[in-house]
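Colleague: Dropping a structure here in structure tokens format, bear with me for questions.
The values are calculated or read from the model by the stated rules, or taken from the named source; none is laboratory data. Note that the structure is a prediction, hence the values are computed from the model and not measured. Note that we place each Cβ from the backbone using ideal geometry, even for glycine, and neighbour counts take in every protein chain shown. Accessible surface is based on the protein model in full, side chains and every heavy atom, while ligands, DNA and RNA are left aside. Shrake-Rupley method; radii C 1.70, N 1.55, O 1.52, S 1.80 Å.
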Amino acid sequence: MKWILIVVGVVVALGVLVWIGGSLIPRQHRAASGIALNQPTDSVWVVVRDLGALKGTWKEMTTAVRSTDSQGREVWDETVGGFAMRLIIAEEAPPHRLVANVDSPPGAAFGGRWVYELAPTEGGTAVTVAEEGWIGPPPFRLMSKAMGYHKSIDQYLTALGRHFSESVTPQHLP
């Protein structure tokens, strides 16, 4: 009986520490990464603008279905890294900027938006993706901080490079 109480006490103590640790991490975060591609901006834009274009190339993306919502907005239902989410196209300025908001229902664990920016360069296109997000439950904040806020962005950019048969290494930006 004594061992059971010790184990339960340790589990509870760890849970409290995780909750406290996550509470010390800000709810809001911003992470940005960029790559350079040897492709014309218009060609890169076509792929970036089609949020389902990297399915099969971005191994973490298992579904991407485009539809419209009751307000006529363009919506993408995606599953990335095991998380299902609905993205709503909030802004676009072809071929340079796209903003996709995460449609977070009340009580959602996370939300925010991804901002895609493309800029022509002498040899091709610079691509920057910024995640401006929030994470609600403190344990999720701690987990996300430990895994790194750039993880999904870097996976996306690496898959974008792979789509064009280019090997890229995303650079973290301020």
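Colleague: Report yes if THR158 is touching a Pro at 6+ places or on another chain (Cβ under 7 Å), of a type in the set (Val, Ile, Thr) and open to solvent by 30 Å² or more (accessible area, probe 1.4 Å), otherwise no. Let's see the steps before the verdict.
Modeller: Values: touching a Pro at 6+ places or on another chain (Cβ under 7 Å): yes; of a type in the set (Val, Ile, Thr): yes; open to solvent by 30 Å² or more (accessible area, probe 1.4 Å): yes.
It is true that THR158 is touching a Pro at 6+ places or on another chain (Cβ under 7 Å), of a type in the set (Val, Ile, Thr) and open to solvent by 30 Å² or more (accessible area, probe 1.4 Å).
Colleague: Something else: Out of (1) open to solvent by 60 Å² or more (accessible area, probe 1.4 Å); (2) in contact (Cβ under 8 Å) with a residue 40 or more places away in the chain, what's the single condition that is false for ALA84?
Modeller: (2)
Colleague: Which residues, taken from region 87-101, are open to solvent by 30 Å² or more (accessible area, probe 1.4 Å) and farther than 24 Å from GLY124 by Cα?
Modeller: ALA90, ASN101
Colleague: Something else: From ASP77, ASP69, which residue is loosely packed, with under 15 Cβ neighbours inside 10 Å and of a type in the set (Asp, Glu)? Working first, answer last.
Modeller: On the way: ASP77 fails: loosely packed, with under 15 Cβ neighbours inside 10 Å.
From the options ASP77, ASP69, the qualifying one is ASP69.
Colleague: Failed condition for LEU5, given (1) open to solvent by 80 Å² or more (accessible area, probe 1.4 Å); (2) at pLDDT 95 or above; (3) not polar (S, T, N, Q), with all others met?
Modeller: Checking LEU5 against (1) open to solvent by 80 Å² or more (accessible area, probe 1.4 Å); (2) at pLDDT 95 or above; (3) not polar (S, T, N, Q), the one that fails is (2).
Colleague: A follow-up question, please. Going through region 12-34 one residue at a time, which ones are out of contact with any strand residue (DSSP E or B) (no Cβ under 7 Å at 6 or more places or on another chain), surrounded by fewer than 11 Cβ atoms within 10 Å (Cβ to Cβ) and modelled with pLDDT of 75 or more?
Modeller: LEU14, PRO26
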